Number of protein chains: 2
Amino acid sequence: MQPVAEALPHPKRDEFDLSRVLHALSDPVRLQIVSSIANGGECSMGQIEVPVTKSTCTHHFKVLRDAGVLMQRQVGTARLNTLRREDLDARFPGLLDTVLRSVE
Amino acid sequence: MQPVAEALPHPKRDEFDLSRVLHALSDPVRLQIVSSIANGGECSMGQIEVPVTKSTCTHHFKVLRDAGVLMQRQVGTARLNTLRREDLDARFPGLLDTVLRSVE
């Protein structure tokens, strides 16, 4: 019997912290990840090209997930990522879009 | 004869880096500093109440200055601080205001 995959921990909307979200967005690789998902929609880590090792990449995704910037769901062996636009906009209106527009 | 005070180093507008600005804004004390200057206008470090030592506070101001978030000018023994609103808005339109609105 397959073990049931435990859901990955995500903060609730009212647990979001502005400093933590800004910190999550303050790294060039994490900005690139967020920008890629914003443009391309739900995707796995492997579909995003970033100049770091897989373990560093996994860490960056965890920082983004822990801050509430993205949602990860396990589908079989793949971990799919989407941005938490609605939750972020509810807490910090316009922040995500303003940052994404500033990404060069 | 009084020595001429050396001007403090500030990045030029086109040297601003989004990650660096977001990092500068990603600390609760630095957000409090930026919010105070936004509300009260030019002021010295001592006029802003933050729960940290003077040397930590000096460090926070330097991080903000190095990122281009604020401008410091020496007037006698006082170091006065203003936000670089125009420069920030030119590079990252709306970012500063969006962050300030999100500060609780």
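See the values below:
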read-out: Residue count for region A:55-82, restricted to those that are more than 14 Å from chain B (Cβ to nearest Cβ), within 20 Å of residue A:14 (Cβ to Cβ) and buried (at least 20 other Cβ atoms within 10 Å of the Cβ); value: 2
read-out: Looking only at region B:73-104, and only at residues there that are touching a helix residue (DSSP H, G or I) at 6+ places or on another chain (Cβ under 8 Å) and more than 22 Å from residue A:26 (Cβ to Cβ), the one that is modelled with the highest pLDDT; value: B:82
read-out: Matching residues in region B:83-104 - criterion: being outside any helix (DSSP H, G or I) and either away from every other protein chain (no Cβ under 11 Å) or β-branched (Val, Ile, Thr) (or both); value: B:83, B:84, B:103
read-out: Qualifying residue in region B:22-31 (condition: touching a Phe, Trp or Tyr at 6+ places or on another chain (Cβ under 8 Å) and within 14 Å of chain A (Cβ to nearest Cβ)); value: no
read-out: Unique residue being buried (at least 19 other Cβ atoms within 10 Å of the Cβ) and either more than 10 Å from the chain's Cα centre (by Cα) or within 20 Å of residue B:102 (Cα to Cα) (or both) when the list is A:31, A:8; value: A:31
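The values are calculated or read from the model by the stated rules, or taken from the named source; none is laboratory data. On a predicted model such as this, the values are computed, not experimentally measured, just so you know. Ideal geometry is used to build each Cβ from the backbone, glycine not excepted, and the neighbour counts take in all protein chains shown.
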